[in-house]
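Let me begin by presenting the structure, written as structure tokens, before commenting on it.
The values are calculated or read from the model by the stated rules, or taken from the named source; none is laboratory data. Bear in mind that the values here come from a model prediction, so they are computed numbers and not experimental data. Positions of Cβ are backbone-derived with ideal geometry, glycine not excepted, and every protein chain shown enters the neighbour counts. Quick note on the areas: whole protein, heavy atoms, side chains included, nothing else; ligands and nucleic acids left out. Shrake-Rupley method; radii C 1.70, N 1.55, O 1.52, S 1.80 Å.
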Amino acid sequence: MFMSISTTGSAESPATDLGFLLHKHPGKVQRFTTSHGEAHVFYPEAGDEVCTAALLLDIDPIALVRKGRGNGKGRGGSPDFALSQYVNDRPYAASSLLAVALRTVFRSAMKGDCQLRPELPGRVRPLRIELPAVPANGAGEGGGPAMVARLFEPLGWRVEASAIPLDGDFPEWGESRYVRFALASDAVRLADALQQLYVLLPVLDGAKHYWVAPDEVDKLLAAGEGWLAAHPERALIARRYLSRRWSLTRAAMERLELARLAEADDREVEEIDNAVDDRPDDEDTGTTLSTGTTDSSGTTGTSESTESTESTAPRQPSLAEQRRTAILAALRDSGAARVADLGCGQGELIGELMKDARFTEILGVDVSARALQAANRKLRLARLPERQAARVTLAQGALTYTDARLKGYDAAVLCEVIEHLDLPRLPALEYAVFGAARPRAVVVTTPNVEYNVRWESLPAGRVRHADHRFEWSREEFEAWAGKVAAAYGYTVELRPVGPEDPEVGPPTQLALFRAESAATETDPTTTPEGGETR
């Protein structure tokens, strides 16, 4: 199998700089041993104006058969190995064999390393990559030249692709499953081009010559860093790269979605995938208010001395439990049947909603994949009867972007969510929830910062959780709620949650928004200042 990489240049920036980028001298023919044969790198032309590097992979059919034993269809390998031992297309058509050779021969180039000319890898230069024979199997997913365009054009490549006929002398036989194509770009770095080929050649083929193990997810995400998360065909790429192993594909998609959301918010993945604490799954979310209350954030106060462990007094509900009770009461008052829990965390509220038959459809959304996995485990969705499990859907998403999945619900809940956003990002959430999704009711809870003085273990001036970007007083929350209600055509009712202190109010404050009549609804297509859509 064969591939060529060409570039153009000038006397000031000679095309032979390609040799520095590939770490292969243009004046030499070099040979490399791979697990299935030998790879040869040579330069058909090398001058200041044009330079072409070629990779020729010479497959050893005997080694291919010996190393491929057992890699039939049943183990995730190519069916070609099971159907034909010595007569197949593997030595001739670019597939995962060529992808592995790329990584073996051009490892430093794929990393973007160049010690002799460190400034070169970061530059873009004209590139043209040609592959004369590549399997492009559709399997119901639209193969052929169309698939080549779907995979490479979103990455900035100009694609020239054509199907190879089964036999040129007999055109009536139609086209084969193979295509020849060329990629051209003035905006793609060489390192990125090699990483893209490493991933997409096996995707085009739809099969691999080796067993696809769980570590293939890490390989996919490493090679796809910076481009795969935003690719419109990322689901197709993950599915075919991982040989349709659904458990691996699901894991890859969750991590890709998290990377996409982190990039959109200009944050690190670890910053937004932090919704799971280190407590055991069965640990209570908080102690009682009378003996030292723990907010859902984990901050504990000790307004009274701890009771004896031998006390027979009934346990008072924790603040987290009281908060869920207040939210359920607000949802019942609104008459909601279809509820979206936005920022659902580990699913504590969803568990309570599931106990009430009036809530016929429940959607849980969170930016953290780990939180959703914990919610799925705690709610035991896989073990529930089919009808009960069908009431609940868990989905990954960022609440600062409009999302069609959120439309049509009777009510949405933002339980201890808004304080985790930077204030400049809050208008985006307001529009996404109140403007675009526009449920008939919205329930919002948030800490009352005035009550913090009652937490003896909370230092003065500190918020209740390290990730809280702000905490509002009752006056500030009322002003925000009134502004949002007026902007989006809702009425709002404020309710206390927890014991109400005569001086500082309740520990948690709740706002119940109800949509006004259609005649006074705001136009959901209008985005306010600071709002974002996707």
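Applying the criterion of being under 19 Å from Glu153 (Cβ atoms) and among the charged types (D, E, K, R) to the residues of segment 218-238, the residue that is modelled with the highest pLDDT is Glu233.
Within segment 166-175, how many residues turn out to be open to solvent by 50 Å² or more (accessible area, probe 1.4 Å) and in contact with a helix residue (DSSP H, G or I) (Cβ under 6 Å, 6 or more places away or on another chain)? Quick ask: steps written out before the conclusion?
Step one: filter segment 166-175 for residues open to solvent by 50 Å² or more (accessible area, probe 1.4 Å), giving 166, 168-173, 175.
With the extra rule that they be in contact with a helix residue (DSSP H, G or I) (Cβ under 6 Å, 6 or more places away or on another chain), the set shrinks to 166.
Total meeting the criteria: 1.
Annotation: Glu141 fulfils all but one of (1) open to solvent by 10 Å² or more (accessible area, probe 1.4 Å); (2) assigned to a loop (DSSP other than H, G, I, E, B); (3) without any contact (Cβ under 8 Å) to a residue 40 or more places away in the chain; the unmet one is (3).
Hey, can you tell me all the residues within segment 152-195 that are assigned to a helix (DSSP H, G or I) and within 24 Å of the chain's Cα centre (by Cα)? First the steps, then the outcome.
Applying the first criterion (assigned to a helix (DSSP H, G or I)) to segment 152-195 yields 152-155, 171-173, 190-195.
Hits for segment 152-195 are Phe152, Glu153, Pro154, Leu155, Ala191, Asp192, Ala193, Leu194, Gln195.
Annotation: of all residues in segment 196-209 being part of a loop (DSSP other than H, G, I, E, B) and touching a Ser or Thr at 6+ places or on another chain (Cβ under 6 Å), the one that is modelled with the highest pLDDT is Ala207. Could you count how many residues in segment 1-38 are without any contact (Cβ under 8 Å) to a residue 60 or more places away in the chain and acidic (Asp, Glu)? Adding up the residues that qualify gives 2.
Going by what's in this entry, would Gly408 be described as open to solvent by less than 10 Å² (accessible area, probe 1.4 Å), within 15 Å of Leu342 (Cα to Cα), touching a residue at least 24 places away in the same chain (Cβ under 8 Å) and not polar (S, T, N, Q)? For Gly408, the condition - open to solvent by less than 10 Å² (accessible area, probe 1.4 Å), within 15 Å of Leu342 (Cα to Cα), touching a residue at least 24 places away in the same chain (Cβ under 8 Å) and not polar (S, T, N, Q) - is not met. Only residues that are among the charged types (D, E, K, R) and more than 17 Å from the chain's Cα centre (by Cα) were counted in segment 196-239, giving 3. The residue that is least open to solvent (accessible area, probe 1.4 Å), among those in segment 176-206 that are touching a residue at least 60 places away in the same chain (Cβ under 8 Å) and farther than 30 Å from His23 by Cα, is Gly206. In this structure, does Glu450 turn out to be touching a strand residue (DSSP E or B) at 6+ places or on another chain (Cβ under 7 Å), open to solvent by 20 Å² or more (accessible area, probe 1.4 Å), within 30 Å of Gln316 (Cα to Cα) and at pLDDT 95 or above? Answer is no for this residue.
Might you check whether a residue that is outside any helix (DSSP H, G or I) and open to solvent by less than 30 Å² (accessible area, probe 1.4 Å) occurs anywhere in segment 244-265? The answer is no, given that none of the residues of segment 244-265 is outside any helix (DSSP H, G or I) and open to solvent by less than 30 Å² (accessible area, probe 1.4 Å).
Look at Val212 and say whether it is modelled with pLDDT under 95, of a type in the set (A, V, I, L, M), assigned to a helix (DSSP H, G or I) and open to solvent by less than 30 Å² (accessible area, probe 1.4 Å). Steps first, answer last, please.
On the way: modelled with pLDDT under 95: yes; of a type in the set (A, V, I, L, M): yes; assigned to a helix (DSSP H, G or I): no; open to solvent by less than 30 Å² (accessible area, probe 1.4 Å): yes.
Criteria not met by Val212.
Considered as a group, the residues in segment 464-482 that are under 33 Å from the mean Cα position of the chain (by Cα) and either outside any loop (DSSP other than H, G, I, E, B) or of a type in the set (S, T, N, Q) (or both) include one that is modelled with the lowest pLDDT, and that residue is Trp472. Going through (1) assigned to a helix (DSSP H, G or I); (2) open to solvent by less than 20 Å² (accessible area, probe 1.4 Å); (3) modelled with pLDDT of 90 or more one by one, Gly364 falls short only on (1).
Residue-wise test of (1) of a type outside the set (A, V, I, L, M, F, W, C); (2) in contact (Cβ under 8 Å) with a residue 60 or more places away in the chain; (3) under 23 Å from Gly335 (Cβ atoms).
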{"position": "Thr446", "(1), (2), (3)": "yes, yes, no"}
{"position": "Ala466", "(1), (2), (3)": "no, no, no"}
{"position": "Lys483", "(1), (2), (3)": "yes, no, no"}
{"position": "Pro502", "(1), (2), (3)": "yes, no, no"}
{"position": "Gly505", "(1), (2), (3)": "yes, no, no"}
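With (1) assigned to a loop (DSSP other than H, G, I, E, B); (2) crowded, with 16+ Cβ neighbours inside 10 Å as the list, and Val442 as the residue in question, which single condition is left unmet? Status for Val442: all satisfied but (1). Test Glu419 against the stated conditions and say whether it is of a type outside the set (Ser, Thr, Tyr), in a helix (DSSP H, G or I), surrounded by 19 or more Cβ atoms within 10 Å (Cβ to Cβ) and touching a strand residue (DSSP E or B) at 6+ places or on another chain (Cβ under 6 Å). Yes: the conditions hold for Glu419.
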